[in-house]
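Read the structure below first, then the notes.
The values are calculated or read from the model by the stated rules, or taken from the named source; none is laboratory data. Predicted model only: the values in this text are computed from it and were never measured. Neighbour counts run over all protein chains shown; Cβ positions are idealised from the backbone, glycine included. Note: areas computed on protein heavy atoms with side chains; ligands, DNA, RNA excluded. Shrake-Rupley method; radii C 1.70, N 1.55, O 1.52, S 1.80 Å.
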Amino acid sequence: MQQILRQFQFAGSVVRCEPFGNGHVNRTYRVVCSGAAEYILQRINRVAFRKPEELMENIEAVTRYMAAQQSALQTLRLVETVDGRTFTVDSDGEYWRAYDLVRGGVCLEAPRSTDDFYEAAVAFGRFQMALSDFPAASLHETIAHFHDTCDRIRQLRESVAADPLGRAQSVRSEIDFILSREQELGELCRQLSTGELPLRVTHNDTKLNNVLFDENTGKAKCVLDLDTVMPGLSAYDFGDAVRFGASTAAEDEKDLSKVAIDLSMYEAFLRGYLDACGGVLTAREIEVLPLGAKIMTAEVGMRFLKDYIDGDIYFSIHRPEHNLDRTRTQLKLVADMERKWDEMQWILRCVVKERA
């Protein structure tokens, strides 16, 4: 570890380096230096991110651009290595990077109120706003077809056909639920391909715990975890946030009677997102935001389902049929969105009309 620490241009000598946070992808440490400077040191997960140099090029380009904008959102700052790069590679071929520690902030695993969710939306909206003129197509696609729902459906079909553990027949109703909605689930992909929706820089992991809140004011302070920053659609970021934060139950809740979309949370996020970046979104982008929530929820559900059929080889599981529980939770959330679809659309129209 000392060899790695010596590669970065930290302010002062390292006093302490200790494990930090509860992330499940990268290995993260808090570095304390003499003079009270503090940093975040991370080893990039090479299984999740197979092209770490492209990933770091994306982060470097986006953070440099955001730092030059007049935004209320604080930007993560990469620490350069002694040879002027933004990462270093150890003798085992592992990639390491470091950021300045953003002080005075707190992360939440779930919104305590609609105010928290509104502020999270403001954070991701400001992120979108700050990068609205950035050439999205210049970024690398570090995870191929990450939110290509049409390709996700293709992959699911292949897993069902292969059925390595003979599980497909037992989940026929879940498979049919997804495939019966195939046309609608591919709608955003089609609108992107026809140019009806513009390509944007998207965060692609808009969970609440990727927002740092000011510990005193509760206001959004910084957007974290830029590993999945790629070209995409604004509806992806909006939709994944609603999927995670506006659900009334945990992502793996077994009691499906507890699973529903909380429309007050949905409205809070919609208001915050449009307050922060509505001025740069096109009318069509705003129109498809509810569809983004439905599609992203179904997409995550089909990813869990595919992994269950494949034998639980991608997502970590903590009990038998964990991925199937996750699948059913997401599909129940989709079904509840469909049941409340008119209300979701009405809320959107009201919020847009108020902002006109």
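With the checklist (1) open to solvent by 20 Å² or more (accessible area, probe 1.4 Å); (2) touching a Gly at 6+ places or on another chain (Cβ under 8 Å); (3) of a type in the set (A, V, I, L, M, F, W, C) in hand, flag the one item PHE134 doesn't pass.
It fails just one condition, (2).
So for segment 290-301 (the condition being touching a Leu at 6+ places or on another chain (Cβ under 6 Å), in contact (Cβ under 8 Å) with a residue 60 or more places away in the chain, open to solvent by 10 Å² or more (accessible area, probe 1.4 Å) and in a helix (DSSP H, G or I)), does at least one residue qualify?
So far as segment 290-301 goes, no, none of its residues is touching a Leu at 6+ places or on another chain (Cβ under 6 Å), in contact (Cβ under 8 Å) with a residue 60 or more places away in the chain, open to solvent by 10 Å² or more (accessible area, probe 1.4 Å) and in a helix (DSSP H, G or I).
Which residue pairs have Cβ atoms under 8 Å apart, sit 6 or more places apart or on different chains, and have a first residue in segment 208-227 that is within 17 Å of MET265 (Cα to Cα) and of a type in the set (Gly, Ala, Ser) and a second that is open to solvent by 40 Å² or more (accessible area, probe 1.4 Å) and not in a loop (DSSP other than H, G, I, E, B)?
Within 8 Å, the pairs are GLY218/ASP115; ALA220/ARG126.
Report, by residue number, each residue of segment 190-204 that is outside any helix (DSSP H, G or I) and open to solvent by 60 Å² or more (accessible area, probe 1.4 Å).
Passing the criteria: THR194, GLU196, LEU199.
Which of the residues spanning segment 132-166 are on the phi > 0 side of the Ramachandran plot and either free of Cβ contacts under 8 Å to residues at least 12 places away in the same chain or among the small types (Gly, Ala, Ser) (or both)?
Once the filter is applied, which keeps residues that are on the phi > 0 side of the Ramachandran plot and either free of Cβ contacts under 8 Å to residues at least 12 places away in the same chain or among the small types (Gly, Ala, Ser) (or both), segment 132-166 yields HIS145, GLY166.
Is it true that some residue in segment 262-277 is part of a loop (DSSP other than H, G, I, E, B) and crowded, with 21+ Cβ neighbours inside 10 Å?
Checking segment 262-277: not a single residue is part of a loop (DSSP other than H, G, I, E, B) and crowded, with 21+ Cβ neighbours inside 10 Å.
Restricting attention to segment 208-219, which residues are closer than 13 Å to ARG126 by Cβ and either open to solvent by less than 10 Å² (accessible area, probe 1.4 Å) or in a loop (DSSP other than H, G, I, E, B) (or both)?
VAL211, LYS219
Please go through segment 143-154 and give me each residue that is part of a helix (DSSP H, G or I) and either touching a strand residue (DSSP E or B) at 6+ places or on another chain (Cβ under 6 Å) or open to solvent by 40 Å² or more (accessible area, probe 1.4 Å) (or both), ordered by number.
Matches in segment 143-154: CYS150, ARG154.
If you take the residues in segment 83-102 that are under 22 Å from the mean Cα position of the chain (by Cα) and assigned to a loop (DSSP other than H, G, I, E, B), which one is nearest to ALA36 (Cα to Cα)?
Step by step, filter segment 83-102, then rank; the result is LEU101.
Which condition number does HIS140 fail, the rest of (1) part of a loop (DSSP other than H, G, I, E, B); (2) open to solvent by 60 Å² or more (accessible area, probe 1.4 Å) being met?
(2)
Being over 28 Å from HIS140 (Cα atoms) and either without any contact (Cβ under 8 Å) to a residue 24 or more places away in the chain or not aromatic (Phe, Trp, Tyr) (or both) is the requirement here; does GLY21 meet it?
Considered against the rule, which asks whether it is over 28 Å from HIS140 (Cα atoms) and either without any contact (Cβ under 8 Å) to a residue 24 or more places away in the chain or not aromatic (Phe, Trp, Tyr) (or both), GLY21 comes out as no.
Can you tell me which of GLU251, GLU287 is of a type outside the set (Gly, Ala, Ser) and closer than 23 Å to VAL211 by Cβ?
GLU251
Taking segment 220-257 on its own, how many of its residues are assigned to a helix (DSSP H, G or I), open to solvent by less than 40 Å² (accessible area, probe 1.4 Å), within 27 Å of ILE317 (Cβ to Cβ) and not charged (D, E, K, R)?
Qualifying residue count for the region: 5.
Considering only residues that are surrounded by fewer than 18 Cβ atoms within 10 Å (Cβ to Cβ), of a type outside the set (A, V, I, L, M) and either farther than 15 Å from ALA98 by Cα or touching a helix residue (DSSP H, G or I) at 6+ places or on another chain (Cβ under 7 Å) (or both), which ones fall in segment 14-60?
Result: CYS17, ASN22, GLY23, HIS24, SER34, GLY35, ARG46, ARG50, LYS51, GLU54.
I'm trying to understand the selection: among the residues of segment 169-189, which are more than 23 Å from TYR236 (Cβ to Cβ) and either open to solvent by 50 Å² or more (accessible area, probe 1.4 Å) or polar (S, T, N, Q) (or both)?
GLN169, SER170, ARG172, SER173, ASP176
Do you know which of the residues in segment 71-125 that are of a type in the set (A, V, I, L, M, F, W, C) and free of Cβ contacts under 8 Å to residues at least 40 places away in the same chain is least open to solvent (accessible area, probe 1.4 Å)?
LEU78
Results for (1) at pLDDT below 95; (2) closer than 18 Å to LEU55 by Cα, shown as yes or no for each residue.
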| site | (1), (2) |
| --- | --- |
| ALA137 | no, yes |
| HIS147 | yes, yes |
| ARG154 | no, no |
| ARG157 | no, no |
| VAL160 | no, no |
| GLY166 | no, no |
| VAL171 | no, no |
| ILE175 | no, no |
